[in-house]
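Here's the structure we're looking at; comments come further down.
Just so you know, all these numbers are worked out from the coordinates, no wet-lab data involved. Everything numeric in this text was worked out from a predicted model, so none of it was measured. Backbone-built Cβ (ideal geometry, glycine too); neighbour counts: all protein chains shown.
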Amino acid sequence: MHKKVIDKTVTSDKALQSDVLQLYKTYDPPPKDFDIRTASDKLLARYNIPRRPDPEREPKLARLWRRAFAHPPNFVKAELSIDPVMSKRNPLRRLGPGFGPTGWGGVVVDAAAVGPPATFVTADWVVPRIVSLPLETANLGFWVGLDGFGNGQVLQAGITATANALDWPNIYCWAWTEWYTDQYKDPAVQINNFSVSIGDTISVIVCAQQPDLGYVMMLNVSTGQATRVGIPARPGITSQGASAEWIVECPSSSEFPAFWPVTFNECAAGGNGVLFDLTPNGFPVNITGDGGDQLTQTFIASPDSAVVDWNGHWS
């Protein structure tokens with residue numbers, strides 16, 4: 001279930017007055033007779049669709065591409081607005097205890113330690129259900145991203161689920177993306193017309209093939225809908241690709257709810273022809289509470305899959 005998220009309490013925040021929406025690029029859908037499975041590389045580039053990997057030189061990426069587009073998606077031109085929920089938090093990984101849950105739950109690959117800078121990251125996952133009745137409002141984000149682990153920026157995209165005590169057991173979901181930097185502190189951006197519900201399988205790719213241009217493609221495998229967004233870098237900003245992540249995050253302004261396990265499948269990241277598998281390159285990270293209790297439990301299940309499970313109290 002999807003609805004546009006509105007929070008009147010933050011509409012006066014300076015971040016929400018940013019010109020970030022004018023910065024973003026949205027793309028018209030291809031013509032109706034366009035078949036992504038047979039389109040030439042030139043046509044794919046014209047319609048801002050990820051290139052078709054070479055099956056001999058890039059067998060894993062070629063398999064992922066064929067799997068993602070086995071059924072031609074219904075592309076929609078993204079309609080954007082500032083995301084008041086995800087914009088409330090600092091999206092960089094917080095290491096110390098503070099107000100509310102801190103950190104990320106998931107897997108990080110330290111690309112700077114194992115190879116060239118990461119220029120893309122991808123995965124798919126089933127959006128899990130929030131299963132604990134919140135006292136007020138609970139939000140939970142699921143995303144993939146580049147950077148943000150030990151540096152001052154992160155390029156990311158994902159899904160947030162929200163539950164409210166007054167509307168329980170309804171759970172609403174939406175898609176969002178951002179290129180946050182310590183220098184500019186741009187807010188997250190919601191994709192209003194990308195429909196998503198609990199139980200949908202979502203596939204996301206985040207790229208910075210050009211260091212000054214971010215690119216996001218989101219595919220709802222369950223509905224067949226897809227969209228793309230371009231994020232040109234602010235002046236003086238370039239993607240560093242120092243890390244790649246597959247993450248569950250609770251915004252610090254939110255109650256942290258119990259949730260069914262989420263599995264990030266078909267995880268891949270890399271750059272300059274090098275792929276980083278979750279094993280041996282990745283390491284698990286977990287969300288902690290105010291008292292230092294570990295609230296999530298992350299398992300690297302295979303070189304291309306990871307599970308993030310709730311480890312706190314059930315209510």
Is the shape of region 125-215 best called rounded, prolate or oblate, per the rule: a/c under 1.5 gives rounded, else a/b larger than b/c gives prolate, else oblate, with a ≥ b ≥ c the square roots of the Cα gyration tensor eigenvalues?
-> prolate
Along the principal axes of its C-alpha atoms, what lengths does region 235-315 span, in descending order and rounded to whole Å?
-> 47, 37, 19
Would you work out the charge dipole size for the chain about its Cα centre, treating the Cβ of every Lys and Arg as +1 and the Cβ of every Asp and Glu as -1, and quote it to the nearest 20 debye?
-> 700
When the Debye formula is applied to the Cα atoms of region 176-301, each taken as the same point scatterer, what base-10 log of I(q)/I(0) results at q = 0.12, 0.15 Å⁻¹?
-> -0.60, -0.97
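Take every Cα pair under 8 Å in region 220-315 that's 6+ residues apart, average their separations, divide by the length, and report that relative contact order as a whole percent.
Numbers: 100 pairs, mean separation 24.1, N = 96.
Over region 220-315, the number comes to 25 percent.
To the nearest 20 debye, what is the magnitude of the charge dipole of region 89-185 about its Cα centre, counting +1 on the Cβ of each Lys and Arg and -1 on the Cβ of each Asp and Glu?
Details: 5 positive and 7 negative charges, 26 e Å.
Result for region 89-185 is approximately 120 debye, rounded to the nearest 20.
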Which of the listed residues, A226, V114, P284, is farthest toward the dipole's positive end in the chain, when Lys, Arg count +1 and Asp, Glu count -1 at the beta-carbon?
-> A226
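Relative contact order for the chain: what percent, with Cα pairs under 8 Å and sequence separation of 6 or more? Could you put the intermediate results ahead of the total?
Details: 803 pairs, mean separation 79.9, N = 315.
Reported as a whole number, the value is 25 percent.
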Report the antiparallel proportion of the DSSP beta bridges in the chain as a percent, rounded to a multiple of 5.
-> 95
Candidates for mean projected area of the Cα convex hull in nm² are (i) 18.6; (ii) 15.3; (iii) 17.1, and the calculated one carries label (ii)
At 7 Å along the Cα-to-beta-carbon direction for both F34 and N272, put a label point, then send me their distance in nm to one decimal.
-> 3.3
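Determine Rg/Rh for region 38-139; Rg is computed over alpha-carbon atoms and Rh is the Kirkwood hydrodynamic estimate from the same atoms. Intermediate results must be reported in sequence, preceding the final value.
Working: Rg = 19.2 Å, Rh = 18.5 Å.
We get a ratio of 1.03 for region 38-139.
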Neighbour-count order for V121, V76, V189, fewest beta carbons within 10 angstrom listed first | V76, V189, V121
Measuring from centroid to centroid over Cα atoms, what is the spacing of region 166-221 and region 19-45 in Å?
-> 18
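Can you quote the Å³ per residue value for the convex hull of the Cα atoms in region 169-242, rounded to an integer?
Working: hull volume 9.0 nm³, N = 74.
Per-residue hull volume (Cα only) is 121 Å³.
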